[in-house]
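Below is one structure, written out as C-alpha cells, with a few remarks after it.
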Amino acid sequence: MADCLFCRIISKDIPASIVYEDDRLLAFNDINPQAPLHALVVPKRHIDSLNALAPEDDGLVGEMVRRAAAIARDKGFADRGFRTVFNTNAEAGQTVFHIHLHVLAGRGMQWPPG
C-alpha cells in the first residue's frame, strides 16, 4: 500500500534502523522509543489490524512473537524481562494501520499499561 508508512519502510523508500529481516518479517527500532529497547516487528505483507487476520495468518503471528523474543534475547533483556504489545485500532493506540508488535525492555514496566 503506497500510503502505508510501514510498507514504505519495508520497500526501503523510507530509512529505518533495521534490527532483523527475513522474507516475511522486518523489525526496526521505533523512532520514538518508550524504553531503551523499543523495536517493532512487522510482517512484510500488509495487514491493517489484528481484526483482519485470517486462520492462515496464525503462523505469521507466531513468527512475530518468536522474533520479538529473539530480539530481546539478542539485546540482553530476555532474562530481565520484556514486554510485547499489539495495539488494535485507534482507541487502543494503533497509529499505523499495518499490524506490528512492539517489543520493549530495559526499564521497569507498570501494570496496567497506558
If each K or R counts +1 and each D or E counts -1, the residues other than HIS102 whose Cβ falls under 11 Å of its Cβ total 0
With 0.36 nm assigned to each residue of separation and the Cα-Cα distance removed, ALA2 to ARG107 gains 34.2 nm
For P(r) over Cα pairs in 5 Å bins from 0, in percent, with candidates [x] 2, 13, 23, 24, 17, 11, 6, 3, 1, 1, 0; [y] 2, 10, 18, 20, 16, 14, 10, 5, 3, 1; [z] 2, 12, 22, 25, 21, 12, 4, 1, the value calculated from the shown model is option [z]
Of every hundred units of 1.4 Å-probe accessible area on the chain, the number belonging to carbon and sulfur atoms, as a percent, is 51
Contact order relative to length for the chain, counting C-alpha pairs under 8 Å separated by 6 or more residues, stands in percent at 29
If one compares the long axis through the Cα atoms of helix 58-74 with the longest principal axis of the Cα atoms of the chain, the angle in degrees, nearest 10, works out at 40
Segment 34-114 accessible area per residue, 1.4 Å probe, protein heavy atoms, integer Å², reads 56
The answer for TYR20, listing residues at least 5 apart or on another chain whose modeled amide H is closer than 5 Å to its amide H, is ALA27
The FRET efficiency for ALA92 and ASP22, from their Cβ-Cβ distance with R0 = 30 Å and rounded to 0.05, is 0.65
For 8-17, 58-67, ranked highest to lowest by mean beta-carbon neighbours within 10 Å, the order is 58-67, 8-17
Sequence order, segment 12-29: Karplus ³J(HN,Hα) from phi using 6.51 cos²θ - 1.76 cosθ + 1.60, θ = phi - 60°, Hz rounded, Gly and Pro as x, gives 6, 6, 10, x, 8, 8, 7, 10, 6, 8, 9, 6, 10, 10, 9, 10, 8, 6
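The values are calculated or read from the model by the stated rules, or taken from the named source; none is laboratory data. Since the model is a prediction, treat every value here as computed from it, not as a measurement. Glycine also receives a Cβ, built like all others from the backbone with ideal geometry; neighbour counts cover every protein chain displayed. Each accessible area value is taken on the protein alone, full model and side chains, heavy atoms only, with ligands, DNA and RNA left out. Shrake-Rupley method; radii C 1.70, N 1.55, O 1.52, S 1.80 Å.
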